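For reference, the structure discussed in these notes is given below.
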Amino acid sequence: MEITTHFLINLSFLIVFLFFCFVFHEKGRNFLNSKLSFNFICYIALWSSMQFAYHADGGARYDLRIIPLVIGGLYLGIGPLIAGAVIIIRAFLGLDSGFYETAAFYIPLAFFFWRQYPRFSAIRPKKRIIYAVTVGLVISLITVLGMEFIHTRIFWLDAWFAFLTIPALGIGIIAYMIEFVRRNIQMKHQLIKTEKLQAVEQMGAAISHEIRNPLTAATGFVQLLQDDYLPKYKQKEYLALVKEELMAAERVIQDYLTFAKPSITSMEELNVKAELLQAIKILQPMANQNSVEITTDFSAVGFIQGDQQKFRQCFVNVIKNAIESMPSGGYLKIGTEFSKNTVAIEIADTGVGMTKNQLEKLGEPYYSTKGSKGTGLGMMVVFSIVRALNGSIKVDSELGKGTRFSFKFPSSRSTYLNK
């Protein structure tokens, strides 16, 4: 059973080679993302199958060329090219009677695969596997019948068993692997598409809800302003309220645009301490109202390159969320640390905290820990701005004990060059 053993060893190497090709493809490597790459892999499999053939007495060659021929012809539509490659490779091995036999057999096969590829692609996956194995068996049967008439019969039992089992087995395994990978890719694409649609739907619902509220209020005041007998001071009051509601709607839109495309319009050197103090100043009345005590621990220096407006918006959102997480009062600590390469910012509160599941979803579209009261846009904006400023963010939280936000940004070079 020398031929069978040889075939099994070659098949093992072939399957291992194709397995690693599929693994690289699954990881999205660029060189395996095109049909040309798969064609190249098929040619390598064909060459290795013919190169490491079993040589019998009398010049007969036994190999697994049937496997790449069937897989390439049916799954890749390159049957004529593979058949041509078989004839060319066989020519390099010698222009003997075996070459002419190969040419006479593989030229009709090229026409067969050219005609069958469109039909094969249209049938169901399970039927494709059965069809491929059947085609392999038929070609194997024709091959051994031809050998019976042309070559010595000394290996007839071994050759018949090897050709009628090993190629069909290899074609079945590889076809199943291909269908499995195809199904996974289709499921992945479908899942991504579904998640995108769901995100758009829920994001749209959240944003429309946030915009509709101020627009409804503004519409009501506009209707009141249509009263010809409305006192002057009331008109001014209503106009101020209309302006305030429209600005609220504009802020929601601006948050969405910042999340969608956090463009940095102007880069400048920012004094981290000064910017954080400004954010604290803006939110100090809110902290007083919620009985939240803010303490600071800033390093002496700390500069980064960034957009002042975006940077300030980022930390106003974080500090505001921290204050809102302490409705019954608490402590909010804001500190910075400076090194040659990074500026670290830490914001820790003693609020309600978050569960592990909430932490994992933090910053995702339309997700908010405030339930129906929030859209999740605030934290999405924070994550987007941090990424745009080449920074990183880490969040630690424990339910009932509070949350800690840790930020890191690249230090501005002039900070340590001018020291």
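The values are calculated or read from the model by the stated rules, or taken from the named source; none is laboratory data. Quick caveat, the model's predicted, so the values are computed rather than measured. Ideal geometry is used to build each Cβ from the backbone, glycine not excepted, and the neighbour counts take in all protein chains shown.
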*For region 311-361, what are the residues that are over 15 Å from Ser397 (Cβ atoms) and small (Gly, Ala, Ser)?*
Ser328, Gly329, Gly335, Ser339, Ala344
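Every residue in region 151-184 that is surrounded by fewer than 13 Cβ atoms within 10 Å (Cβ to Cβ) and at pLDDT 80 or above, please.
Phe180, Arg183, Asn184
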*asked:* Can you find a residue that is of a type in the set (D, E, K, R), within 34 Å of the chain's Cα centre (by Cα) and at pLDDT 85 or above anywhere in region 105-122?
replied: yes
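Among the residues that make up region 332-342, is at least one of them of a type in the set (Val, Ile, Thr) and at pLDDT below 90? I'd like the intermediate steps shown before the answer.
Step one: filter region 332-342 for residues of a type in the set (Val, Ile, Thr), giving 334, 336, 342.
If we keep only those that are at pLDDT below 90 too, we end up with none.
Checked region 332-342: no residue is of a type in the set (Val, Ile, Thr) and at pLDDT below 90.
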_Residues located in region 254-309, provided they are more than 29 Å from Val352 (Cβ to Cβ), in a helix (DSSP H, G or I) and at pLDDT below 90_ = Leu257, Ala260, Gln308, Gln309
*Cβ-Cβ under 7 Å pairs, at least 6 apart or on other chains, region 342-355 side under 18 Å from Leu270 (Cα atoms), far side among the aliphatic types (A, V, I, L, M)*: Val343/Val272; Val343/Ile304; Ile345/Val272
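Report whether or not Met354 is assigned to a helix (DSSP H, G or I), of a type outside the set (Gly, Ala, Ser), at pLDDT below 90 and assigned by TED's automatic domain parsing to the domain that holds Val272.
Here the answer is no, as Met354 does not meet what is asked.
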*Do we have any residue at all in region 112-135 that's touching a residue at least 60 places away in the same chain (Cβ under 8 Å), part of a helix (DSSP H, G or I) and in the same structural domain as Pro167 (by TED's automatic domain parsing)?*
yes
*Which of the residues that make up region 94-150 are of a type in the set (Lys, Arg) and surrounded by 16 or more Cβ atoms within 10 Å (Cβ to Cβ)?*
Arg128
